[in-house]
Amino acid sequence: MIVPARDAAATLPRTLAALADQEGAPSYEVVVADLGSSDETAAIAERAGARLVRGGTNAAVASASGALLAFCGADCFPEPGWLAAGARTLAEADLVQGQVLPDPRAQPGPFDLAPQVTAKTGVYDAASLFMTRALFDEAGGLHAADLGARARRTTFSAEAVCHRPPVPREPLEYLEERTRLRELPGLVARQPELRRTLLHRRLFHSPRSLKLDLALAAVAVAAARRSTLPLLGVAPYALELRRHARGRGGDGWKRVAAVDAAADLLGAAALVHGSVEARTPVL
């Protein structure tokens, strides 16, 4: 079991405790891959009895002896049956994505990142991931771009559950994160199957991005025709924006909605940029 960690002193004790409490699992060892921490991460790992390896994930895998590899984020807290479920599913696959759910103990802020993985999408999250050593060696590492493509059998395990706390973000960080959508069209160009598994209606980043595109088209038509009637096309996006902002922002929902709208526009621009670069449309 590999736990990549960098400056994870705040969460690693709980992660290691959860890994020590696995039930019904085959025999296993815990290897913490210290990715250059400057805090107490290494000392915490050693005190917990985990094997500490400095030098990255590949070095940690090389030091492990098992033919089956399980990866857990240093800020993730697996349920007691996580490893057993992953190992059971891996007996019939080369690559298994486990489920990642929000930490029920945490209360995310309006702009915090709350990572979730609830289905097989073709993009793999190492917060809860299982694979054979043969696949790892063939792909050349955990973060190989074609990891999923090299796997002969991939699947998703809803029973292998890890909980992950939200990642705090300020509004500017939230906005900056949307600019990374520029990379998505290139990823789709390299892995066309993502149109089916990851995109909405094979073209759109999400249902919300579709509503935004319709809203922008409605504004353009209204301006061209000098008519307010096409602006009715803005309503689905505006209602979606309001609903999400109210759910996350409480009394300050209007500020949250304004930041969300700016983030959505940045994301749309990034997707257009990336689509032109990759010559692959994703909206």
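Brief remarks follow.
- Helix 253-278 vs. the chain, principal-axis angle (Cα, 0 to 90°, nearest 10): 80
- For the range 2-164: rounded, prolate or oblate by the Cα gyration tensor [a/c cutoff 1.5]: rounded
- Here each label is just a point 7 Å from Cα along the line to Cβ, and for Ala84 and Ala189 those points are 4.7 nm apart.
- Computed label-point distance, nm, for sites Ala67 and Ala269 using a 7 Å Cα→Cβ extension: 5.4
- Left without a cysteine partner by the 4.7 Å Cβ rule in the chain: Cys72.
- Taking 19 Å as the cut-off, the amide N atoms of the range 41-55 that come nearer than this to a point 7 Å along the Cα-to-beta-carbon line of Asp7 belong to 41-45, 54-55.
- Computing FRET efficiency as 1/(1 + (r/R0)^6) for Arg51 and Glu159, where r is the C-beta to C-beta distance and R0 is 22 Å, gives about 0.25.
- Counting 0.36 nm for each residue step from Ala235 to Arg255 and taking away their Cα separation leaves a gain of 5.3 nm.
- What the phi angles of the range 32-45 give under the Karplus curve with 6.51, -1.76 and 1.60, with θ = phi - 60°, is a coupling list of 8, 8, 7, 9, x, 5, 10, 10, 8, 3, 4, 5, 4, 4 Hz, glycine and proline written as x.
- Here's the picture: a label point sits 7 Å out from the Cα of Arg279 along the beta-carbon direction, and within the range 115-153 nothing has its amide nitrogen under 13 Å of it.
- Pairwise label distance in nanometres, Ala224 with Asp21, each label 7 Å out on the Cα-Cβ vector: 6.0
Read-outs throughout are calculated quantities, based only on the coordinates presented, and are distinct from any laboratory measurement. Every value quoted in this text rests on a predicted model; they were computed, and no experiment measured them. So basically every Cβ, Gly included, is an ideal-geometry build from the backbone, and we count neighbours across all protein chains shown.
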